[in-house]
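Right, one structure below, let's go through it.
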Amino acid sequence: MRVIAGTARSLPLKCIEGLETRPTTDRIKETLFNILQPEMNGCRFLDLFAGSGAIGIEALSRGAKEAVFVESNRKAAACIRENLEFTRLMPRARVLETDAGTALNLLGREEAFDIIFLDPPYGKQLEAEALALLSGSSLADENTVIILETPRNYDAGWMEPYGFAPFRIKTYKTNQHLFIGRIGEANI
């Protein structure tokens, strides 16, 4: 696993051992950031369920002005900090070692993020909890793009009561990225 492009290009990233995290492959990460690149320069980026931090680090490397990493696993949070130090991106980063719900409440009154990336453990409905909290929060406004990584053929119909809906879906071999916005708002 490595940084694909930007100021930290080609630098290797560490990942914790075991099945506790599912690192996004370099190929999928490259495709995702090819879509997001026009939005990267100067954006505020939130990486929920951050794992190794590879997605948020890629955002910082490509020009995000700030990234907040949320990870409840102590070893994974330490890995994120190590990766940020190694890539020299720590000055523009914050790591919150807590669960996503607590982090969203802590961040509550901050300005909206431009991009929010969610890659929760599959099958635990943590994405529903996160969108419920974001629906009543200043952290996601009409311009915020939320990306949810899910298994392929994931049913996103449950989002509408929270005021969100996918406006774009990018499908890969075994998973997909749902690009989500507030219902009725224009996005990328």
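Summary of computed values
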| read-out | value |
| --- | --- |
| With every protein chain in place, the chain: carbon and sulfur % of accessible area (1.4 Å) | 48 |
| 0 to 90° range, to nearest 10: angle between helix 126-135 axis and the chain longest Cα axis | 70 |
| Mean separation of Cα contacts under 8 Å, 6 or more apart, over the residue count of region 136-188: relative contact order % | 44 |
| Of [x] 1, 8, 16, 20, 20, 15, 10, 6, 2, 0, 0; [y] 1, 6, 11, 15, 15, 13, 12, 10, 8, 5, 2, 1, 0; [z] 1, 8, 18, 23, 23, 17, 8, 2, 0, the label for P(r) over Cα pairs in 5 Å bins from 0, in percent derived from the coordinates | [z] |
| Efficiency of FRET between Glu82 and Ala132 - r from beta-carbon atoms, R0 35 angstrom, step 0.05 | 0.60 |
| Per residue accessible area of the chain, 1.4 Å probe, in Å² | 48 |
| FRET efficiency for Thr174 and Arg109, using Cβ-Cβ distance with R0 set to 45 Å, rounded to 0.05 | 0.75 |
| Region 114-165: C-alpha gyration tensor shape, a/c 1.5 cut-off, then a/b vs b/c | prolate |
| Nearest-0.05 FRET efficiency for Arg92 and Ala165, computed from C-beta distance (R0 35 Å) | 0.65 |
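The values are calculated or read from the model by the stated rules, or taken from the named source; none is laboratory data. Computed from a predicted structure; not experimentally measured. With ideal geometry, Cβ positions are generated from the backbone for all residues, glycine too; neighbour counts draw on all protein chains shown. Note: areas computed on protein heavy atoms with side chains; ligands, DNA, RNA excluded. Shrake-Rupley method; radii C 1.70, N 1.55, O 1.52, S 1.80 Å.
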